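What follows is a short report on a single structure.
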Amino acid sequence: MRDKHKNSHEKLLAIRDIRSTANLIKASLGSGLLAVPLAFANAGWGVGIVGTLIIGFICGHCVHILVSVSRACCKKERKPLLDYAETCRAAFDNGPKWARKFGTTAKVFAEFAMFFTYVGVCCVYTILISDSIKQVIDKFFPNYILAVEYYCLIIMVPLMFMTQIRHLKWLAPLSLTANFLLVGTFLICLYYIFGGGEISYADKRIVSDPARFPAFLSTVIFAMEGIGVVMPVENTMKKPQHFLGCPSVLVVSMTIIAFLYSTLGLFGYFRFGDVLRGSITLNLPMDDWPAICAKVFISLSIFLTYPLQFFVVIDIFNKYTEPHISERYKNTTQIISRSVGVCICVGIGIALPMLEQIINFVGAFFYSILGLLIPSAIETVFRWDDLGRYNWVLWKNLVIFLIGAGALVSGCTVAIMDMIEITNSPTV
């Protein structure tokens with residue numbers, strides 16, 4: 001009887017671990033997955049495979065750093081849970097004496113890094129939805145062709161209504177539907193990649209122009225980073241110790257993610273070559289119903305996911321504004337702030353309707369800070385008095401920090417130069 005109870009308990013834990021693994025994979029497999037073929041076009045397929053695996057390893061290690069530091073800080077402060085920003089604060093508060101005065105600053109910096117990261121993601125979503133809708137409308141109504149900026153304006157009102165949803169539990173059905181649509185889109189993309197005749201790779205570059213490597217790096221970082229949801233996933237696990245180690249939730253998740261990204265990136269580049277767009281769905285032909293369905297699916301999927309990404313933005317905004325607002329005006333403030341937030345994201349999309357370049361900029365600037373710079377910094381500070389033999393923790397984190405800083409500077413430079421070139425290019 002005891003053995004039976006033990007086996008059922010182990011099965012339940014295994015199911016919960018699988019659920020946590022699925023949540024972590026889902027966090028990284030968003031619209032970024034469909035942008036990876038463009039990254040391979042920027043780097044060449046040889047550099048793309050090797051680079052994707054290396055970046056996947058580094059991103060996974062940074063997640064490991066964050067969770068390890070968070071657990072150690074929980075023990076020191078005798079708290080059950082710490083979120084991303086609180087982990088940054090606690091790392092400094094429990095670090096060397098010279099760092100403790102920066103604890104609050106570290107927390108605020110982390111929260112604003114998260115805030116602007118998800119504002120950037122919402123801008124990407126706005127442009128991707130608009131681009132996809134435009135392709136479908138242009139196909140069926142060729143006499144009413146509008147610029148993508150108008151579609152950004154058209155979807156602004158529906159997005160305002162969607163973002164008025166204030167509880168995560170009400171967003172769950174939308175997220176579930178969005179996941180099914182994303183899987184459908186992914187399968188259709190695979191159909192066109194592998195079912196469109198012989199795949200040509202002889203004319204594809206193994207190594208592309210090194211000047212485009214920063215764009216590759218930015219896109220892959222944008223696609224892979226799901227660090228914003230790591231702490232919520234780990235914090236809700238029945239056995240959090242299963243998150244780290246080998247095999248573990250983290251190892252299994254990052255292995256699957258790296259495999260999917262490498263596969264889709266490689267064969268997507270082989271199929272469509274150097275004309276790839278910011279989402280592979282935008283390269284699908286408009287003459288077939290499966291391709292049209294893929295564009296509709298991705299539009300609906302991103303539209304339904306938008307409130308979940310926006311929830312992070314408004315949650316941080318509320319944390320700093322609600323204490324200063326009278327109770328009688330809180331509901332009105334919520335409605336106005338959510339509407340204004342959508343208007344700002346849409347406004348950026350209208351001002352810069354360049355999907356590929358915005359993805360590169362968000363990946364290079366925001367995700368480099370959130371996923372690489374901050375984790376490497378907090379572990380170094382927290383372990384300042386115990387950096388290992390030959391200070392290997394310091395040197396390892398210095399390498400990660402330099403990679404993140406290099407991705408930030410070079411990626412932003414390339415993205416801004418591309419924006420300037422497109423803006424100044426003559427329109428036909």
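Throughout, read-outs are computed from the coordinates displayed, never taken from laboratory work. Values in this document were obtained by computation on a predicted structure and should not be read as measured data. Glycine also receives a Cβ, built like all others from the backbone with ideal geometry; neighbour counts cover every protein chain displayed.
What do you get for the angle between helix 168-194 and the principal long axis of the chain? Use alpha-carbon atoms, 0 to 90 degrees, nearest ten.
Long axis of 168-194 versus the principal axis of the chain: about 50 degrees.
Helix 45-77 versus the longest principal axis of the chain: what angle, 0 to 90°, nearest 10, using Cα atoms?
30 degrees
Evaluate the relative contact order of the stretch 2-424 (contact order divided by residue number), counting alpha-carbon pairs under 8 angstrom at least 6 apart; express in whole percent.
Once divided by the residue count of the stretch 2-424, the mean separation gives 34 percent.
Relative to the longest principal Cα axis of the chain, at what angle does helix 330-351 sit, 0 to 90 degrees, rounded to 10?
Compared with the principal axis, the helix lies near 50 degrees.
Tell me which trypsin sites (Lys or Arg not before Pro) from the stretch 83-176 have a DSSP coil assignment and no more than 12 other beta carbons within 10 Å of their own. Before the final figure, lay out the partial values.
Values: sites: Arg89, Lys97, Arg100, Lys101, Lys107, Lys134, Lys139, Arg166, Lys169; in loops: Lys101, Arg166.
The qualifying sites are Lys101.
What order, most packed first, do the peptides 114-125, 290-301 have when packing is the mean number of other Cβ atoms within 10 Å of each residue?
114-125, 290-301
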